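Every number in this text was worked out from the coordinates using simple rules, so none of it is lab data. Because the structure is predicted, anything quoted here is derived from the model rather than measured. Because the Cβ atoms are built from the backbone with ideal geometry, glycine has one as well, and the counts that use them run over all protein chains shown.
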Amino acid sequence: MIRLFKVKEKQRELAENANGGAPTKKQSPGELRLHKDISELNLPKSCAITFPNGKDNLMNFEVSIRPDEGYYFGGTFLFSFQVSPVYPHEAPKVKCKTKVYHPNIDLEGNVCLNILREDWKPVLNINTIIYGLYHLFTEPNYEDPLNHEAAVVLRDNPKMFESNVRRAMSGGLAMYDQHNNEFLDKLVELHEQDVAIEAANLTFSRSRLKSLYNGV
């Protein structure tokens with residue numbers, strides 16, 4: 001259990017002393033709920049939360065995820081969270097700051113996670129979102145993609161998908177930006193070549209079996 005802050009009375013006293021005795025700004029309901037969520041975080045060692053602007057700015061923070069299994073094992077992926085004042089009635093805005101080859105994350109950092117969209121409910125919390133993000137790395141979903149090219153490769157050729165992920169994590173996406181599709185085009189081309197070769201081999205095998213059966 002993460003305990004980031006002391007009891008409210010002590011926190012208010014310290015804040016007023018630091019501010020020359022002036023009353024502290026009243027927190028919005030969204031800030032109070034977020035304070036509770038963060039205080040009750042129960043994360044695995046592979047996930048961590050940081051506050052780049054200091055803990056006084058709860059509404060903007062970052063979460064790093066280091067998958068300990070699956071295609072993305074060994075990588076570290078950073079996400080930014082922007083929380084609305086009306087939270088939890090509106091889901092936080094989450095962006096991936098790490099370039100990643102992933103069917104559910106595009107190269108602009110947009111994340112396709114159902115609980116950040118139509119399945120968000122006020123009973124959900126920050127802990128739920130972080131575990132959902134972690135799950136994207138252990139079980140990427142090709143059925144609801146943002147990166148359609150990666151989804152096709154994952155669906156049709158998991159071994160090549162794994163190879164592409166490793167290549168990307170080794171710096172293969174360094175040349176990629178939102179105006180340059182050459183890298184993914186090349187991956188799709190290689191994938192299509194593999195599919196064509198497999199189809200040709202299958203056709204040859206069937207022809208050979210037919211010849212043997214007919215005594216040719």
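Let me check against my output: what whole-number percent is the relative contact order of the stretch 97-170, with C-alpha pairs under 8 Å and at least 6 apart? All intermediate terms of the calculation are to be shown ahead of the outcome.
Numbers: 76 pairs, mean separation 29.1, N = 74.
The normalised contact order for the stretch 97-170 reaches 39 percent.
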Sorting Ser170, Ser80 on the 10 Å Cβ count, fewest up front, what's the list?
Ser170, Ser80
Tell me the Kirkwood hydrodynamic radius of the stretch 132-171 in angstroms, computed as one over the mean inverse distance between distinct C-alpha pairs.
10.6 Å
Give me Lys121, Lys26, Lys99, Lys93 ranked fewest to most by other Cβ atoms within 10 Å of their Cβ, as a rough exposure proxy.
Lys26, Lys121, Lys93, Lys99
